[in-house]
Amino acid sequence: MSQAQKWTPVCPKLRRVQELAKANPKERFTSLAHHITQDALLRSFKSLDGKAAAGVDGVTKKAYGANLEENLKALHGRLKSGEYRATPVLRVYIEKPDGGKRPLGMPTLEDKIVQGAVVEILNCIYEGDFMGFSYGFRPGRSAHQALQALQTVLQKGKVNWVLDMDISKFFDTIDHKELMSIIERRVKDSRLLRLIGKWLAVGAVEEDGRRIRGKQGTPQDERMKDEG
């Protein structure tokens, strides 16, 4: 666990959110969306994998970056005015070691950018709630670090047994209403909640062109496939 560094947001104003969240575990934040600045969108863009597959619009990181400043300015403007619209994810399937297939959802690049900025905000609130031995989907941590920590405990600690378990189709069965209810325990900002609601409700486009919507399930994208 000593190898896992404590995550700290780059933006000083977000550090204040992190401090408040840690000091007041039941604090409900009413003003968060203003932290989705053009700089936050730029940070999110830079963090994206340039080799990742494109979404339904076919726009790649390289293409978007060719006119980056103007694109981010326009995106930020749509977010402020309420004109931003989420786009259905492109659903593809990858082979699993057991012979089955895992569905992955490919968001458009702009959706990824906005989602990254929102994740940065939510991390400030929720990071303090996690135990030090938790590694899944956390900033600055990876599955490799989790395995290294486990190896250290097994070699140096007193361990009698190891429990290995998996929640079958977890991401496919997340209830949207319940998820939003959990988020609302800490987030009261209606603009941020609407954004998250848009991504949940917009659905997916299958490889054959069918549009799928539902009241449960969240798409796993390429950033998740090595974690799950």
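The values are calculated or read from the model by the stated rules, or taken from the named source; none is laboratory data. It should be emphasised that the depicted structure is a prediction, and the values quoted were computed from it without experimental measurement. Positions of Cβ are generated from backbone atoms using ideal geometry, with glycine treated the same way; all protein chains shown enter the neighbour counts. Only protein heavy atoms, including side chains, enter the accessible area calculation; ligands, DNA and RNA are left aside. Shrake-Rupley method; radii C 1.70, N 1.55, O 1.52, S 1.80 Å.
Quick notes
- Taking amide hydrogens as placed 1.01 Å from N in the peptide plane, the amide H of residue 59 sits under 5 Å from those of 109, each at least 5 positions away in sequence or on another chain.
- Lysine pair count for the range 62-137 (Cα-Cα distance under 29 Å; residues 8 or more apart in sequence or on different chains): 7.
- P(r) of the range 30-71 over all Cα-Cα pairs, binned every 5 Å from zero, in whole percent: 5, 19, 25, 24, 13, 9, 4, 1
- For the range 72-212, the direction-averaged projected area of the alpha-carbon convex hull comes to 11.6 nm².
- Around the Cα centre of the chain, unit charges on the Cβ atoms of Lys, Arg, Asp and Glu (plus for the first two, minus for the last two) sum to a dipole of about 600 debye.
- If the segment from residue 126 to residue 70 were pulled out straight at 0.36 nm per residue, it would be longer than the present Cα-Cα gap by 16.9 nm.
- Interchain or long-range residues, amide H under 5 Å from residue 90's placed H: 56, 106, 205
- The antiparallel fraction among DSSP beta bridges confined to the chain stands at about 75%.
- Residue-normalised accessible area of the chain, given per residue in Å² at a 1.4 Å probe: 64
- Estimated FRET transfer efficiency (residue 188, residue 15; beta-carbon r; R0 25 Å; 0.05): 0.75
- Taking all protein chains together and a 1.4 Å probe, the residues 211, 43, 102, 185 rank 185, 211, 43, 102 from largest to smallest accessible area.
- The alpha-carbon positions of the range 12-107 define a convex hull whose volume is 167 Å³ per residue.
- The chain - mean residue ellipticity at 222 nm from DSSP helices (-39,500 (n - 2.57) per run, n ≥ 4, rounded to 500): -12500 deg cm²/dmol
- In this structure, the amide hydrogen of residue 216, modeled 1.01 Å from its nitrogen in the peptide plane, lies closer than 5 angstrom to those of 176, counting only residues at least 5 positions away or on a different chain.
- DSSP H segments from the chain that extend 18 Å or more along their own axis, Cα-based, with Kyte-Doolittle mean of -1.0 or above: 68-81, 109-126, 143-156
- Gain upon complete extension [residue 168, residue 216; 0.36 nm per residue less C-alpha separation]: 15.8 nm
- Segment residue 94-residue 49, length gained on full extension (0.36 nm per residue, minus Cα span): 14.4 nm
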